[in-house]
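Report on the following structure.
The values are calculated or read from the model by the stated rules, or taken from the named source; none is laboratory data. This is a predicted model, so every value here is computed, not measured. We place every Cβ from the backbone using ideal geometry, glycine too, and count neighbours over all the protein chains shown. When the accessible area is computed, the model is the full protein with side chains, heavy atoms only, and any ligands, DNA or RNA have been set aside. Shrake-Rupley method; radii C 1.70, N 1.55, O 1.52, S 1.80 Å.
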Amino acid sequence: MDTSQRLPGSLEKGIMLLAALGEAGRPAGLVELTGMTGLPKSTIHRLLAVLCTRGLAKRVGTNYVLAGADRGRIPGSRLAVLPYLLRLYESTHETVNLAIPHGLETRYVERLYGLNRVRSRSDGVDRAPLYCTAMGKVLLAFDRRLHDDLRRDGTLLPLTPRTVTRRALLEHELRLIGRQGVAYALEEFTEGVSCVAAPVFGPDGRVCMAVSVAGRAASISLPLVTDGVRSAARAITTALSG
């Protein structure tokens, strides 16, 4: 079969459905979504169940709406970001996060949980310190203002035995992150959880977000997912600038 004629797979169908929900801009029913996407109602119903479980859509009566559509925290279009997060999740099957800076913390604005995830300190609060998380360190490395704020007002508390609390060591790591474009956190925020993150830049060229993959420290292979995280961050940067 010619690849140009191949029917869309589940991931592409999910992205089509997310785009339709975003285009509707209000709660939409199965019939309307069928007309917008050309997908069968049974397929839409199945995909909506998955999207609702993942926190990407929510039910309003008998209709559905894009979840988090009121999150003005993400610069640019949310729909420009979600396809790359979904693809990153599909390629890793680990937890995928998107976060923005919020004071001396990272604030999670999107989370796609892996099936084999371990609980984290950020669960339920969707916030974490900058200095001991991969996404936070990426933001510190590429945002001089955040870096200066942490040096002036931040306290490096030991949240686990692996947390870096010596400022000289953290400064050295941030310089490496600035050169390499990727950051790691090895059980520094939550024992049993390791993470890799890369920066996302806005249309003005300044870092605005970070994307990461996190997983069980004993089983996740960070070198294997690093390229995917970098690629997703670059693709989101391009999408936000488009």
Practice prompt. Would you check if Ala185 is in contact with a strand residue (DSSP E or B) (Cβ under 8 Å, 6 or more places away or on another chain) and either open to solvent by less than 30 Å² (accessible area, probe 1.4 Å) or of a type in the set (Gly, Ala, Ser) (or both)?
Written response: yes
Worksheet entry | Hey, Gly178 on the phi > 0 side of the Ramachandran plot, out of contact with any Pro (no Cβ under 9 Å at 6 or more places or on another chain) and surrounded by fewer than 20 Cβ atoms within 10 Å (Cβ to Cβ) or not | no
Worksheet entry | region 130-144 - residue that is in contact with a strand residue (DSSP E or B) (Cβ under 7 Å, 6 or more places away or on another chain) and farther than 17 Å from Leu186 by Cβ and, of those, most open to solvent (accessible area, probe 1.4 Å) | Phe142
Item to complete: Filter region 84-129 down to residues that are touching a residue at least 60 places away in the same chain (Cβ under 8 Å), open to solvent by 50 Å² or more (accessible area, probe 1.4 Å) and assigned to a loop (DSSP other than H, G, I, E, B), then give me how many there are.
Response: 4
Worksheet item: How many of the residues in region 186-238 are under 14 Å from Ser120 (Cα atoms) and without any contact (Cβ under 8 Å) to a residue 12 or more places away in the chain?
Response: 0
Worksheet entry | Number of the exception - Gly68 against (1) under 30 Å from Asp149 (Cβ atoms); (2) of a type outside the set (A, V, I, L, M); (3) surrounded by fewer than 16 Cβ atoms within 10 Å (Cβ to Cβ); (4) modelled with pLDDT under 80 | (3)
Worksheet item: Somewhere in region 56-65, is a residue hydroxyl-bearing (Ser, Thr, Tyr) and within 17 Å of Leu79 (Cβ to Cβ)?
Response: yes
Worksheet, complete the sentence: When every residue in region 22-63 that is open to solvent by 60 Å² or more (accessible area, probe 1.4 Å) and within 24 Å of Asp123 (Cβ to Cβ) is compared, the one farthest from the chain's Cα centre (by Cα) is Arg59
Practice prompt. Return yes or no: is Thr165 over 17 Å from Thr92 (Cβ atoms), open to solvent by 20 Å² or more (accessible area, probe 1.4 Å) and in contact with a Pro (Cβ under 8 Å, 6 or more places away or on another chain)?
Written response: yes
